[in-house]
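Each remark here refers to the structure printed beneath this line.
Only the coordinates and a few stated rules stand behind these numbers; no lab work does. Note that the structure is a prediction, hence the values are computed from the model and not measured. With ideal geometry, Cβ positions are generated from the backbone for all residues, glycine too; neighbour counts draw on all protein chains shown.
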């Protein structure tokens, strides 16, 4: 499981890198169904001028299109940073089977403000390639300050 | 203020009616900036097969496009039913100035699960044309059961 999780998280990290190169907060996501990646996305809030364009939101929409159905009960989301309450709320509606994330977001993560927001059946795994996810985030905010 | 709120809520109700006619959960929204409606939307989760296609989410995206900026600090959202945590999370990111809603959603509304999710500067007014909003919702769920 860990090896598999790291494989898919690396794919999410590639997406985060794309966001970084566009001067977006570097967060990437993939959604996996039956061991197949059915959605890849990265944060585009600046590019699209839209606060709802988080990686997870786009991934949910793309996965729903790929599956032809709005419930993601057989899917796993891999995302480099802990989802915010908006994205966690969306993941609850989608009834996603499992969420795997990299680094915790101590300020904006769902666990701080909305710990009971997810669907009761959703399993969560954290700290998968957290160091790599955190490195990109730190680099982004450091570059921004300079 | 009440008269103005009722005027814009009627516009949101027209959107909710459109959702009803498409067999969608009948929720409608408009976003107003400087007394001008810059976004109109209704719930399209079934039509688009996408749990993120709530009226409010679409309205935020449309308003951001109309304004050319992702912050809605000068905008008022009118929505016929209390926003869910996902939508409230999105409205927090957008730093919306004010939210006016019709009927409370006792089961899925943000106040139950995530009472502190909104931006601290966002003002909230509830129960504007609540009866009309509730009538549409009740009719929808009654028709669905029959």
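For the peptide A:75-87, the mean number of other protein chain Cβ atoms found within 10 angstrom of a residue's Cβ is 3. Rounded, prolate or oblate: which fits chain B when a ≥ b ≥ c are the square roots of the eigenvalues of the alpha-carbon gyration tensor, with rounded for a/c under 1.5 and prolate only if a/b beats b/c? Verdict is rounded for chain B. Going from the residue with the fewest nearby Cβ atoms within 10 Å to the one with the most, B:116, B:140, B:20 rank B:116, B:140, B:20. Within region B:64-139, all pairs of alpha-carbon atoms sorted by distance into 10 Å bins from zero give the percentages 20, 50, 26, 4. Among B:85, B:115, B:26, the largest mean-square fluctuation in a Gaussian network model of chain B, built with springs joining Cα atoms closer than 10 Å, belongs to B:115.
Ordering of B:34-45, A:124-135 by packing is B:34-45, A:124-135, highest average first (other Cβ atoms within 10 Å, averaged per residue).
Evaluate peptide B:111-118: per residue, the Cβ atoms of other protein chains within 10 Å of its Cβ; return the mean as an integer. Walk me through the intermediate numbers first.
Values: counts 0, 1, 7, 9, 2, 3, 8, 0.
Neighbouring Cβ atoms belonging to other protein chains average 4 per residue here.
What is the angle, in °, between the Cα long axis of helix A:2-21 and the longest principal axis of the Cα atoms in chain A? Nearest 10 is fine, range 0 to 90. Orientation of helix A:2-21: about 50 degrees from the principal axis. Just A:117, A:31, A:99 to compare: in a GNM of chain A, with alpha carbon springs under 10 Å, which one fluctuates most? Ranking A:117, A:31, A:99 by mean-square fluctuation puts A:117 first. The simple spin-label model puts a point 7 Å past each Cα toward its Cβ; for residue A:66 and residue B:144 those points are separated by 2.8 nm. Need one number: % antiparallel among DSSP beta bridges in region B:2-137, to the nearest 5. Given both bridge residues lie in region B:2-137, the antiparallel proportion sits at roughly 60 percent.
For chain A, find the longest principal axis of its Cα atoms and tell me its angle to the long axis of helix A:55-67, 0 to 90°, nearest 10. For A:55-67 against chain A, the angle is about 30 degrees. For the protein assembly as shown, the spread of Cα positions along the three principal axes, ordered from largest to smallest, is 57, 50, 28 Å.
Ranked by Cβ crowding within 10 angstrom, fewest neighbours first, how are A:91, A:2, B:14 ordered? The partial results should precede the final answer.
Numbers: A:91 29, A:2 8, B:14 14.
Going from least to most buried by this count: A:2, B:14, A:91.
Axis of helix B:130-145 versus longest Cα principal axis of chain B: the two differ by about 40°, to the nearest ten degrees. Considering only alpha-carbon pairs that sit under 8 angstrom and 6 or more positions apart, the relative contact order computed for chain B is 22 percent.
Fewest neighbouring Cβ atoms within 10 Å first, the residues A:105, A:50 line up as A:105, A:50. Averaged over the residues of peptide B:89-100, the number of Cβ atoms from other protein chains lying within 10 Å of each residue's Cβ is 4. Taking label points 7 Å from Cα along the Cα-to-Cβ direction, residue B:6 and residue A:22 give a separation of 4.5 nm.
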